[in-house]
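Data block below; observations after.
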Amino acid sequence: MRRFKELLLAALLVVTLLVISSFATVSATKQTDEPPVAPTTASSDELPSMFEEDLGPATRDIPADTDAIIRAALAAFSHRAAAIPAVTVADAAPGNTIPPAAQPVYLPLVLGPPPLPVVVPPGATPAPEPPPPASVTAVLWPEPSIRAGRGATIAYEFRVYNDGRGDAGRTTITLPYNRNHVLPIGSRLDRSAGDWVSELTSSRLTVTFGKLGNGKMRSGIVYFQVNSGLPDNTVIDMRPEFTWSDERSGGSGRGNWAPVLVGGGNDTAAFVWLIVDPASAPASVSRTFFSDRFVPGEHVVTWLNTPGGVVGLPVANAADPSGRVWLTYRPDGLARGTYQLVAHGTRSRLTGVVSFVVR
């Protein structure tokens with residue numbers, strides 16, 4: 001009997017050892033198959049999570065006469081100051097010289113026979129008129145607009161205008177960015193209108209705007225954080241591209257160039273960059289005014305701020321495919337003093353202001 005108990009205890013010990021060994025083997029195998037714990041530092045392909053806030057209703061009417069509103073505001077400012085201030089918006093990109101004017105491209109004139117008149121048979125119902133098209137322009141405005149400190153946040157405002165006679169069903173704005181310079185961290189959009197960040201990759205961000213009626217505009221904000229290790233004068237290069245749909249064929253375009261410099265602190269202005277050459281000369285000398293911050297193809301009009309008020313100018317030009325515009329003006333008849341030339345984009349509603357001196 002004693003021998004039987006010893007054998008039974010030995011058998012139980014062997015079984016126990018086998019179970020422990022088997023459990024240890026399974027546990028080791030399980031630990032090997034599990035994925036490793038993700039490192040605390042994000043890899044180069046990862047993006048930070050973005051916060052999303054509801055901006056609330058952001059659709060409003062496009063002002064019927066934007067030019068008059070801006071002229072009145074600038075004239076009032078000049079009168080309050082009792083003199084024309086020497087406003088010169090700093091450039092947010094290296095270089096401050098006017099490049100040579102681009103040579104115009106003359107397209108061949110295509111001639112053909114006049115279209116035949118459409119004859120509607122008696123009693124037939126004429127075809128309905130096609131729906132009117134939308135005409136959309138997307139504008140990007142950074143805040144701060146000139147210089148941002150390392151590690152600072154830049155708020156990029158997306159502005160969408162519909163100057164067409166028809167409604168825009170959906171507008172998609174794509175903004176390429178350099179993740180070594182900035183990273184998107186949040187957005188404030190009108191959710192009730194169907195606006196949202198529809199795509200986010202390591203090189204571009206896409207915002208989709210919902211329906212926009214004719215004569216309406218809407219805006220939204222996307223926030224980017226500046227890399228804290230960038231050297232001074234690094235250019236944060238931003239230019240949006242956009243498409244829209246309507247009841248016709250829709251359309252597409254490019255927005256304005258909106259560069260921001262990296263520096264020790266934030267610097268901003270209400271106007272886009274505009275320069276003049278020469279800045280000081282007799283009235284008989286022509287001046288060339290230049291900016292590269294308008295929407296490609298838009299018409300840019302001008303006026304003068306003078307000590308006596310606002311004076312319209314017959315000086316205008318269309319921005320080239322890169323948004324650059326050259327304007328030539330000879331201030332014959334102006335008395336000696338300091339004046340401001342104002343350049344205004346009729347589609348972007350962006351405005352540049354620069355002072356010049358008549359000796």
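The values are calculated or read from the model by the stated rules, or taken from the named source; none is laboratory data. Remember, it's a predicted structure, so these values are computed and weren't measured experimentally. Glycine gets a Cβ as well: all are built from the backbone with ideal geometry, and neighbour counts include every protein chain shown.
Here are the numbers for this structure:
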| quantity | calculated |
| --- | --- |
| Check on Ser219, at pLDDT 95 or above, among the polar types (S, T, N, Q) and either under 15 Å from the mean Cα position of the chain (by Cα) or on the phi > 0 side of the Ramachandran plot (or both) | yes |
| Output for the range 288-307, where each listed residue is in a strand (DSSP E or B) and β-branched (Val, Ile, Thr) | Thr288, Val300, Val301, Thr302, Thr306 |
| Counted residues, the range 90-148 - those being within 28 Å of Val235 (Cβ to Cβ) and modelled with pLDDT of 80 or more | 16 |
| Residue in the range 222-232 that is in contact with a strand residue (DSSP E or B) (Cβ under 7 Å, 6 or more places away or on another chain) and small (Gly, Ala, Ser) present | no |
| Qualifying residue in the range 297-305 (condition: of a type in the set (D, E, K, R) and in contact with a Gly (Cβ under 8 Å, 6 or more places away or on another chain)) | yes |
| Contacts under 6 angstrom Cβ, first residue in the range 220-245 being farther than 30 Å from Arg170 by Cβ, partner surrounded by fewer than 18 Cβ atoms within 10 Å (Cβ to Cβ) and modelled with pLDDT under 95, 6 or more apart | Val235/Ala93 |
| Count - residues of the range 210-250 that are closer than 14 Å to Ala134 by Cα and either among the hydrophobic types (A, V, I, L, M, F, W, C) or outside any strand (DSSP E or B) (or both) | 14 |
| Condition check for Ala270: more than 14 Å from the chain's Cα centre (by Cα), aliphatic (A, V, I, L, M), surrounded by fewer than 15 Cβ atoms within 10 Å (Cβ to Cβ) and at negative phi | yes |
| Of the criteria (1) within 15 Å of the chain's Cα centre (by Cα); (2) modelled with pLDDT under 95, which one Gly263 fails | (1) |
| Residue within the range 219-235 that is crowded, with 19+ Cβ neighbours inside 10 Å, within 15 Å of Val160 (Cα to Cα) and either in contact with a helix residue (DSSP H, G or I) (Cβ under 7 Å, 6 or more places away or on another chain) or among the hydroxyl-bearing types (Ser, Thr, Tyr) (or both) present | yes |
| Unique match (being out of contact with any Cys (no Cβ under 7 Å at 6 or more places or on another chain), within 23 Å of Asn180 (Cβ to Cβ), at pLDDT 95 or above and of a type in the set (A, V, I, L, M)) among Val300, Val207 | Val207 |
| Some residue of the range 146-165 being within 22 Å of Gly345 (Cα to Cα), touching a Lys or Arg at 6+ places or on another chain (Cβ under 9 Å), in contact (Cβ under 8 Å) with a residue 60 or more places away in the chain and of a type in the set (Asp, Glu) | yes |
| The range 315-330, residues that are more than 23 Å from the chain's Cα centre (by Cα) and surrounded by 21 or more Cβ atoms within 10 Å (Cβ to Cβ) | Leu327 |
| Subset tally (residues that are over 15 Å from the mean Cα position of the chain (by Cα) and not polar (S, T, N, Q)) for the range 153-182 | 10 |
| Strands (runs of 3 or more DSSP E) wholly inside the range 141-183 containing at least 3 residues that are buried (at least 19 other Cβ atoms within 10 Å of the Cβ) and in the same structural domain as Gly220 (by TED's automatic domain parsing) | 153-162, 170-176 |
| Of all residues making up the range 309-358, the number that are among the hydrophobic types (A, V, I, L, M, F, W, C) and under 27 Å from Val136 (Cα atoms) | 11 |
